[in-house]
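Right, one structure below, let's go through it.
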Amino acid sequence: MLSAPLNVDILKALKEEERGLTELNQAVGLPPASTMRSYLRALVEMEALTRRREGGFPGGVSYALTPAGEDLLKVGEVLQRWLGEAPDGPISLGSTASKSAIKALVDGWSALIVRALAARPLALTELHRLVPQISYPTLERKLTAMRLVRLLQAEPNGSSRGTPYGVTPWLRKAVPTLAAAVAWERRYIPERMPHLGRLDIEAGFLLAVPLIELPPDADGVCRLSIEVRKDGELAYAGVRVGLDGGKAISCVTRLDGDADAWATGTALGWFRWVNGGGDDRQVEFGGRTPLARMLAEGLREALMPLALEAR
């Protein structure tokens with residue numbers, strides 16, 4: 001929704017006050033009437049806007065932000081902070097450049113490209129073996145789009161079997177934006193969105209853990225997990241992080257195996273805790289509790305601030 005410049009313009013135009021359709025049209029640059037109607041209808045259906053018919057003749061209509069729309073603007077603020085750190089210079093939300101960056105991010109995430117490359121750099125042929133449901137030309141096109149907006153970068157290659165691509169620091173920093181967006185969806189339109197899946201959770205942790213900064217006395221293995229439903233049964237998804245001298249020396253998605261400490265909770269519990277909007281009951285700590293808290297708090301510091309509180 002926020003990749004479309006007109007959606008952004010409409011939300012911003014209604015930030016301070018309700019506007020009639022004519023005034024709103026003028027505020028967003030007088031787009032074609034059919035285009036404006038289509039975008040407004042979609043925002044109303046998403047419950048981000050309310051539509052009210054004004055009294056009198058000829059009975060015009062006016063639009064206003066709902067609480068969901070106000071919080072969607074807050075997601076936009078998180079998104080703008082991320083766009084402001086773009087490698088080639090700040091990007092403005094609502095611009096053509098922002099549309100390209102957001103679309104490449106969302107396409108790469110939904111196509112499982114981000115999940116695969118968050119684990120390790122891969123060449124196109126290797127990536128295609130991991131995501132065979134996407135045709136080779138389509139995968140190449142999506143990979144190129146991500147590379148052009150600097151979400152991916154070429155990595156040193158010791159072999160001759162293609163150029164491996166890995167995630168950039170800027171892609172890692174997109175996790176707060178994605179978390180804020182998911183939190184908005186789960187709060188306002190949960191019935192329209194798929195459940196948060198194991199691969200989504202793994203990708204988020206794999207991207208975020210390298211951003212964590214810890215004191216040099218942080219050593220051991222800690223499990224970070226989120227509750228998910230698999231075939232109606234409770235399961236867990238996340239990572240096991242190996243720490244040595246305050247640095248993450250390993251981060252794997254296999255949760256079985258020994259761990260000195262652990263932190264677990266529901267997806268909403270983690271969103272609230274990371275956002276500072278909840279107390280320690282949102283996430284349960286165990287084992288060497290100080291180590292688990294240290295790692296989880298490092299994650300919170302790396303991902304803050306999230307403008308949207310997931311309630």
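Annotation note: Cβ proximity below 9 Å between a residue of segment 123-140 that is closer than 19 Å to Ala104 by Cβ and in contact (Cβ under 8 Å) with a residue 12 or more places away in the chain and a residue that is acidic (Asp, Glu) and in a helix (DSSP H, G or I) (sequence gap 6+ or interchain) occurs for Leu124/Glu140.
Taking segment 180-222 as the search range and keeping residues that are outside the structural domain of Val241 (by TED's automatic domain parsing) and among the acidic types (Asp, Glu), which one is nearest to Asp260 (Cα to Cα)? Going through the qualifying residues, I end up with Glu185.
Looking only at segment 141-189, residues that are closer than 30 Å to Glu47 by Cα and of a type in the set (Asp, Glu) come to 1 in all. Restricting attention to segment 131-143, the residues being in a helix (DSSP H, G or I), surrounded by 14 or more Cβ atoms within 10 Å (Cβ to Cβ) and either within 22 Å of the chain's Cα centre (by Cα) or outside the structural domain of Ala104 (by TED's automatic domain parsing) (or both) number 3. Looking across segment 76-118, not a single residue is part of a loop (DSSP other than H, G, I, E, B) and in contact with a strand residue (DSSP E or B) (Cβ under 6 Å, 6 or more places away or on another chain).
Return a yes/no flag: does segment 9-17 have any residue that is without any contact (Cβ under 8 Å) to a residue 12 or more places away in the chain and closer than 20 Å to Ser95 by Cα. No, segment 9-17 contains no residue that is without any contact (Cβ under 8 Å) to a residue 12 or more places away in the chain and closer than 20 Å to Ser95 by Cα. The condition (being farther than 23 Å from Met193 by Cα, at pLDDT 95 or above and surrounded by fewer than 14 Cβ atoms within 10 Å (Cβ to Cβ)) is satisfied by just one residue among Gly55, Gly59, Gly89, Gly29: Gly89. Looking at Leu43, Leu11, just one residue is surrounded by 17 or more Cβ atoms within 10 Å (Cβ to Cβ), touching a strand residue (DSSP E or B) at 6+ places or on another chain (Cβ under 6 Å), in a helix (DSSP H, G or I) and on the phi < 0 side of the Ramachandran plot, and that residue is Leu43.
Could you list all residues from segment 94-108 that are surrounded by fewer than 21 Cβ atoms within 10 Å (Cβ to Cβ) and within 17 Å of Pro176 (Cβ to Cβ)? Matches in segment 94-108: Val106 only.
The values are calculated or read from the model by the stated rules, or taken from the named source; none is laboratory data. Keep in mind the model is a prediction, meaning the values are calculated, not measured. Note: ideal-geometry Cβ built from the backbone for every residue, glycine included; neighbour counts use all protein chains shown.
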